[in-house]
Amino acid sequence: MDWGLRNRMSRILQPADGRTVMLAVDHGYFLGPTHHLEKPAATIAPLLPYADAIMLTRGVLRTSVNPDADKPMVLRVSGGTSVLQEDLSNETITTSVKEALRLNAAAVALSIFVGARHEHESIVNLAHLVNEAEEYGLPVLAVTAVGKELEKRDARYLSLACRIAAEHGARFVKTYHCEGFHKVAESCPVPLIIAGGPKLDTDLDALEMTRNALEEGAVGVDMGRNIFQSDAPAAMIQAVGKVVHEDASPDEAYELFRELARETTFA
């Protein structure tokens with residue numbers, strides 16, 4: 001990697017441990033006003049100090065993040081469909097590399113839909129984005145999207161999707177945790193970041209998923225709904241950070257979550 005690309009990556013994957021807590025707030029690009037993300041600025045502001053990076057669209061970056069924020073922005077640059085469609089795979093590149101650089105993004109992100117109707121187009125989109133972004137030292141994050149087919153989240157499928165993303169030049173990959181995740185990590189030559197996915201039953205479940213993913217080879221999380229849909233979002237992102245950066249157990253992190261949540265309640 002040249003200096004610029006290494007510098008951008010090191011802003012996202014923290015140099016002290018090579019790990020990251022990314023806050024995902026890009027859901028609106030196909031879901032619209034997601035629960036507890038109806039007003040992005042209000043959701044993002046109290047969480048920003050505790051995130052290592054933010055994943056978002058250019059619209060939310062422009063309107064909902066203070067320009068003096070000293071956090072790396074991972075800019076989603078794919079889209080073109082909505083949750084109203086049965087097939088979510090018909091995406092294209094919607095934001096140029098030039099625009100990403102103008103917005104001072106630390107990386108750009110794009111979804112690929114392996115096994116879906118528009119698999120070919122999404123993988124070629126990734127290749128084209130890598131070709132252009134690499135000229136400017138801008139890393140590309142590939143997202144192994146599954147659309148509405150959540151049953152695809154198994155080790156065999158995710159190993160295939162992550163390896164394809166890496167083979168086409170993604171510098172790091174966002175994917176799902178699954179049973180046998182170590183097989184996914186072992187077969188992918190670039191860092192893997194875990195998607196939080198839909199809100200889990202409890203906050204402890206999300207912390208346990210984070211711990212398991214790290215132990216099996218992930219370098220961090222890009223978590224959204226399991227943070228901002230928590231009853232105490234600021235406490236939750238700090239608890240996730242304790243697992244990611246301090247190797248805390250889920251129980252230790254959950255105790256921190258409860259303490260911080262109580263302080264917020266009685267403040």
For the subset of region 240-250 comprising residues that are surrounded by fewer than 24 Cβ atoms within 10 Å (Cβ to Cβ) and not in a loop (DSSP other than H, G, I, E, B), which member is nearest to the chain's Cα centre (by Cα)? GLY241
First in region 203-220 and within 15 Å of HIS245 (Cα to Cα) and in a helix (DSSP H, G or I), second anywhere and among the polar types (S, T, N, Q) and at pLDDT 95 or above, Cβ under 7 Å, 6 or more apart: ARG211/SER249
State all residues of region 58-88 that are surrounded by fewer than 22 Cβ atoms within 10 Å (Cβ to Cβ) and of a type in the set (Ser, Thr, Tyr); if no residue qualifies, say none. THR63, SER64, THR81, SER82
Please specify each residue of region 11-33 satisfying the condition of being over 16 Å from the mean Cα position of the chain (by Cα), at negative phi and not hydrophobic (A, V, I, L, M, F, W, C). PRO15, ASP17, PRO33
Output the number of residues of region 182-208 satisfying the condition of being farther than 18 Å from LEU13 by Cα and surrounded by fewer than 24 Cβ atoms within 10 Å (Cβ to Cβ). 13
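For every residue, the table says whether it meets (1) over 15 Å from PHE228 (Cα atoms); (2) in contact with a Phe, Trp or Tyr (Cβ under 9 Å, 6 or more places away or on another chain); (3) assigned to a loop (DSSP other than H, G, I, E, B).
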{"residue": "ASN7", "(1), (2), (3)": "yes, no, no"}
{"residue": "ARG11", "(1), (2), (3)": "yes, no, no"}
{"residue": "MET22", "(1), (2), (3)": "no, no, no"}
{"residue": "ASP26", "(1), (2), (3)": "no, no, yes"}
So, ARG62, is that one among the basic types (Lys, Arg), under 18 Å from the mean Cα position of the chain (by Cα) and farther than 17 Å from GLY224 by Cβ or not? no
Just checking, does region 184-198 include any residue being more than 29 Å from HIS128 (Cα to Cα), touching a Lys or Arg at 6+ places or on another chain (Cβ under 8 Å), modelled with pLDDT under 95 and not aliphatic (A, V, I, L, M)? yes
Counting just the residues of region 225-239 that are touching a residue at least 40 places away in the same chain (Cβ under 8 Å) and farther than 16 Å from ARG153 by Cβ, which one comes out surrounded by the most Cβ atoms within 10 Å (Cβ to Cβ)? ILE227
Residues being touching a residue at least 60 places away in the same chain (Cβ under 8 Å) and outside any strand (DSSP E or B): count how many of those fall in region 95-107. 1
Please pick out the residue among ARG171, ARG163 that is surrounded by fewer than 19 Cβ atoms within 10 Å (Cβ to Cβ) and charged (D, E, K, R). ARG163
State which residue is surrounded by the fewest Cβ atoms within 10 Å (Cβ to Cβ) when the search covers only region 19-54 and only residues that are within 29 Å of GLY217 (Cβ to Cβ) and among the acidic types (Asp, Glu). ASP52
Out of (1) surrounded by fewer than 16 Cβ atoms within 10 Å (Cβ to Cβ); (2) at pLDDT 95 or above; (3) within 18 Å of the chain's Cα centre (by Cα), what's the single condition that is false for LYS148? (2)
For region 108-145, what are the residues that are surrounded by fewer than 24 Cβ atoms within 10 Å (Cβ to Cβ) and part of a loop (DSSP other than H, G, I, E, B)? VAL114, GLY115, ALA116, ARG117, HIS118, GLU135, TYR136, GLY137, LEU138
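The values are calculated or read from the model by the stated rules, or taken from the named source; none is laboratory data. As the structure is a computational prediction, the values presented were derived from the model and not from experiment. Here the Cβ is made from the backbone with ideal geometry for all residues, glycine too, and neighbour counts use every protein chain on show.
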